[in-house]
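Just below is one structure, and these are the notes that go with it.
What follows is calculated from the coordinates using simple rules that are stated; it is not laboratory data. Predicted model, so just to flag it, every value in this text is computed and none were measured. As a convention, Cβ positions derive from the backbone with ideal geometry for all residues, glycine included, and neighbour counts pool all protein chains shown.
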Amino acid sequence: MISREELQNKKRILVLGCSGSGKSTFAKLLGKNLNIKVFHLDQYFHDPGWQPKDHSDFVKSIEEIISGKSWIIDGTYSRTLRQRLLLADAVFLYDYSKYFCIYRVIKRSLKSKTGMEIRTDLAPGCKEKFPDYEFLKFIWNYKTSKVYNILSETNYNTDNLMIFKNRSEFSAYVNTCLIQQNR
């Protein structure tokens, strides 16, 4: 586990996991608590209307971000994960069930539709919409095992890895390492 004291010294942090797991919310909370700029990869991957950008432009954006002294990056995008892992001094991985993630994505879209939630982590010109079949299929087929394989291939130091298997583990960590430091 990454302790509260250790967390204060982390400057390059990755927040990984499936859509709907809570990555963006946690990344924002970390950014606020650690005073580190948060980069949401969806903003760099998509053009307006959810169109993917050219891959080389996306890679250039990531290279620019990770050349900085401090960053919190929200988003897995496994094709570029290795280069980010090589520089990250902390990784938070959400390994939640696909059922939970699908539920959260549907709930999030309904909240957005009714104006109860405004997402600031989306790319310009990309609005939250009710998940279509392709997006639900993406969540259903998301393989956290792919992330574990990349962590293993890069020999990532597991002392700097925090894995949340469920919401209660996440809440316990936040209450211990983030909320208490603000009291």
Quiz prompt | For Val15, net neighbour charge (Lys/Arg +1, Asp/Glu -1) across residues whose Cβ lies under 9 Å away | solution = 0
Quiz item: With the Cα gyration tensor of region 128-170 giving a ≥ b ≥ c as the square roots of its eigenvalues, does the rule (a/c under 1.5 for rounded; else a/b larger than b/c for prolate; else oblate) give rounded, prolate or oblate?
Solution: oblate
Practice problem: With the Cα gyration tensor of the chain in hand, convert its eigenvalues to equivalent ellipsoid semi-axes via √(5λ) and list them largest first in whole Å. | Solution: 24, 20, 17
Exercise. May I ask which of Lys69/Lys107; Lys23/Lys143; Lys10/Lys146; Lys23/Lys127; Lys111/Lys146; Lys10/Lys53 have a Cα-Cα span longer than 26 Å here?
Key: Lys69/Lys107; Lys111/Lys146; Lys10/Lys53
Quiz item: Given R₀ = 30 Å, FRET efficiency for Glu134-Lys37 by Cβ-Cβ distance, to 0.05?
Solution: 0.45
Quiz prompt | Modelled label reach - Glu63, point 7 Å along Cα→Cβ, region 21-45 residues with backbone N closer than 19 Å | solution = 41, 44-45
Quiz prompt | Farthest toward positive dipole pole in region 4-164 [+1 Lys/Arg, -1 Asp/Glu at C-beta], among Pro48, Ile66, Thr25 | solution = Thr25
Quiz item: What nm distance separates the two modelled labels at Lys146 and Lys165, each placed 7 Å from Cα along Cα→Cβ?
Solution: 2.3 nm
Quiz prompt | CD proxy at 222 nm, helix term only [per DSSP H run n ≥ 4: -39500 (n - 2.57); per residue of the chain; nearest 500] | solution = -12500 deg cm²/dmol
Practice problem: Mind checking which aspartates and glutamates have their Cα closer than 14 Å to the Cα of Lys165? Skip sequence neighbours fewer than 8 apart in that chain. | Solution: Asp95
Exercise. Taking 7 Å along the Cα-to-C-beta vector as the label spot, tell me the Trp50-Thr154 distance in nanometres, rounded to one decimal.
Key: 2.7 nm
Self-check item: Tyr103 versus Thr25: modelled label distance in nm, points set 7 Å from Cα along the beta carbon direction
Solution: 1.3 nm
Practice problem: Check cross-link reach from Lys113 to the aspartates and glutamates: straight Cα distance under 20 Å, and skip same-chain residues fewer than eight apart. | Solution: Asp42, Asp121, Glu128, Asp132, Glu134
Quiz item: How much length is gained on full extension from Thr120 to Ala172, taking 0.36 nm per residue of separation minus their Cα-Cα distance?
Solution: 16.2 nm
Practice problem: Place the peptides 154-160, 32-38 in order of packing, highest mean first, counting for every residue the other Cβ atoms within 10 Å and averaging per peptide. | Solution: 32-38, 154-160
Quiz item: About its Cα centre, what dipole magnitude does the chain give when the only charges are +1 on Lys and Arg Cβ and -1 on Asp and Glu Cβ, stated in debye to the nearest 20?
Solution: 460 debye
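If you add up the charges near Ala172, with Lys and Arg at +1 and Asp and Glu at -1, over every other residue whose beta carbon is less than 13 angstrom from its beta carbon, what do you get? Could you put the intermediate results ahead of the total?
Values: positive: Arg4, Lys165, Arg167; negative: Glu169.
Every neighbour counted, the sum reads +2.
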